[in-house]
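Chemist: Before I ask anything, let me first share the structure, which is written out below as structure tokens.
Each reported figure results from applying straightforward, stated rules to the coordinates on display, with no laboratory input. Note that this is a predicted model, so its numbers are computed, not measured. Virtual Cβ from ideal backbone geometry, glycine too; neighbours counted across all protein chains shown.
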Amino acid sequence: MKTLLIAATLSLASVTAQAAADSGKQLYSVYCTQCHGVAGDGKGINAAQMAVQPRDHTDTKEMSARTDEELFKVIEHGGKSINKSVLMPPWGDNLNDDEIHALVGHLRALCCQKN
Amino acid sequence: MMKGIPVKLRLTLGIAAALAASVHVAAHADTAADVKQQCGSCHALDRDYAKAAKHERAERKAPPLDFAGNKFRREWLYSWLQNPVRLRPAGVFPPAHAKPSADGDVVDTTTLAKHPALDAAQAGKVADYLMTLTPFDGLIAAETYQPGTIAQRMGQMNFGKFKGCDGCHQDAPDTGGVSGPELYTAWQRLQPAFISAYIAQPAAWDPHTMMPVGDANTAAVHKLANYLKLIGEKQP
């Protein structure tokens, strides 16, 4: 009985984790790929016209140098909040905290889970 | 007023007047039905999308028209509906039209369809009808924007370097980002109060908008609106 319960809890947790991963991927496609690229490499359809190039989110070294809290902050409040370019917009009016957490999760998958 | 007119004729006149009024209402109802039928397959005409899950934005075939009467200038609607030139260089949902290339992602223009065009008579009726869709009179009434002037150089720096609007929008043909609607004709197509209200609070109009809030400060927003006026008035 106890093992069953643990198994059930575990599978529930993994379902939730999977849902968050899917939502992060989807949100990234809608809000971020226009600048950061469909592959997350910083080469979105807007990039050619931009004075500051969007960050390459597949760059393991650069992206590993940032904490999850830092990533959360720049997504919510924009590049200006961390003394970077205003071309990275603040998304706090479009996305809620759960959605930003899901995006941070997706950024981690992009930068650091190469397969 | 009808003194001296025979009773019978008076009655007929009354019926004619009643008929004229009902024809007028029917014409409007007909246009509503036509628009629903011809445009509703792509455009939202009611507010249901705002209650749907956020992912609804990714499935939109066209911009919502449910608040058209609070957004557009009637003259612009009338002429654009007859000659619908492209407003969104990368379509309504840009990720669906982006494809990777050796030089980074490009817009796959072969996937962008031409907009249906109306003749002048239809365009007039449809424009009149769309102008009656005004659920946001309150947002417009709350707007304090008074159109003013700004120097080209200052306006452009503000739009680009300081606020980053040019990341997604063009302020001249082929200059600027492509994921948002072009803004060099925004002044010709949009009501001034809408421009200002929308820049300050895009999500109040459309909770699933892809437009962020660059700066909601009233003076900053009015400056941006004045720049759109400046560049819009230079367009033919």
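Chemist: To the nearest 20 debye, what is the magnitude of the charge dipole of the protein assembly as shown about its Cα centre, counting +1 on the Cβ of each Lys and Arg and -1 on the Cβ of each Asp and Glu?
Modeler: Result for the protein assembly as shown is approximately 700 debye, rounded to the nearest 20.
Chemist: How crowded by other chains is B:114-126, given as the mean number of beta carbons from other chains within 10 Å of each beta carbon?
Modeler: Counting Cβ atoms of other protein chains within 10 Å of each residue's Cβ and averaging gives 0.
Chemist: Let me ask something additional. R0 = 35 Å: FRET efficiency of residue A:96 with residue B:152, Cβ-based, nearest 0.05?
Modeler: Plugging the Cβ-Cβ distance into 1/(1 + (r/R0)^6) gives 0.35.
Chemist: Mark the label point 7 Å from the Cα of residue B:111 along Cα→Cβ and return the residues of the range B:165-179 whose backbone N is within less than 18 Å of it.
Modeler: Label zone hits: B:178-179.
Chemist: Now a separate question. Let me know the mean shielding of B:100-110 by other chains, meaning the per-residue number of their Cβ atoms within 10 Å of its Cβ.
Modeler: Mean shielding count: 4.
Chemist: Evaluate the distance, in nm, between pseudo-label points positioned 7 Å from the Cα of residue B:172 and of residue B:217 along their respective Cα→Cβ axes.
Modeler: 2.7
Chemist: How high is the relative contact order of chain B, in percent, with contacts defined as C-alpha pairs under 8 Å that are six or more residues apart?
Modeler: Reported as a whole number, the value is 20 percent.
Chemist: Indicate the gyration tensor shape class of the range B:67-232 (rounded, prolate or oblate), computed on the Cα atoms with a ≥ b ≥ c the square roots of the eigenvalues: a/c under 1.5 is rounded; otherwise a/b larger than b/c is prolate and the rest oblate.
Modeler: Since a/c reaches 1.5 but b/c is at least a/b, the shape of the range B:67-232 is classed as oblate.
Chemist: Take the alpha carbon atoms of the range B:123-187, find their center, do the same for the range B:81-98, and report the distance between the two centers in whole angstrom.
Modeler: Cα centroid of the range B:123-187 versus Cα centroid of the range B:81-98: 16 Å apart.
Chemist: Please report the net charge: other residues with Cβ closer than 11 Å to the Cβ of residue A:46, K and R +1, D and E -1.
Modeler: -1
Chemist: Starting from the Cα of residue B:85, step 7 Å toward the Cβ, then list every residue of the range B:167-189 with an amide N under 19 Å from that point.
Modeler: Answer for the range B:167-189: B:169-189.
Chemist: Separate question: Would you work out the charge dipole size for the range B:67-232 about its Cα centre, treating the Cβ of every Lys and Arg as +1 and the Cβ of every Asp and Glu as -1, and quote it to the nearest 20 debye?
Modeler: The calculated dipole for the range B:67-232 is roughly 220 debye.
Chemist: Shifting gears a bit: Using Cα positions and a limit of under 30 Å, work out the lysines in reach of residue A:73, with same-chain residues fewer than 8 apart set aside.
Modeler: Partners within reach: A:25, A:43, A:61, A:84, A:114, B:51, B:54, B:99, B:161, B:163, B:223.
Chemist: Using a 7 Å offset from the Cα along the Cα-to-Cβ direction at both residue B:141 and residue B:48, what is the distance between the two label points in nm, to one decimal?
Modeler: Going from the residue B:141 label point to the residue B:48 one covers 2.9 nm.
Chemist: Continuing with the same structure: Given a Förster radius of 35 Å and the C-beta distance between residue A:22 and residue A:77 as r, what FRET efficiency does 1/(1 + (r/R0)^6) yield to the nearest 0.05?
Modeler: 0.85
Chemist: Please give every one of the aspartates and glutamates within straight-line cross-link reach of residue B:229, meaning a C-alpha to C-alpha distance under 17 Å, and leave out same-chain neighbours fewer than 8 residues apart.
Modeler: B:75, B:143, B:166, B:171, B:182
Chemist: So, one more: Restricting everything to alpha-carbon atoms, can you work out Rg to Rh for chain A with a Kirkwood hydrodynamic radius?
Modeler: Over the Cα atoms of chain A, Rg/Rh equals 1.07.
Chemist: While we're here: Can you give the direction-averaged projected area of the convex hull of the alpha-carbon atoms in the range B:59-143, in nm²?
Modeler: Mean projected area for the range B:59-143: 7.4 nm², to one decimal.
Chemist: Let me know the mean shielding of A:27-37 by other chains, meaning the per-residue number of their Cβ atoms within 10 Å of its Cβ.
Modeler: Averaged over the peptide's residues, the number is 5.
Chemist: Could you list, bin by bin from short to long, the percent of Cα-Cα pairs of the protein assembly as shown in 20 Å steps?
Modeler: In order of increasing distance, the bins hold 26, 50, 18, 6, 1 percent.
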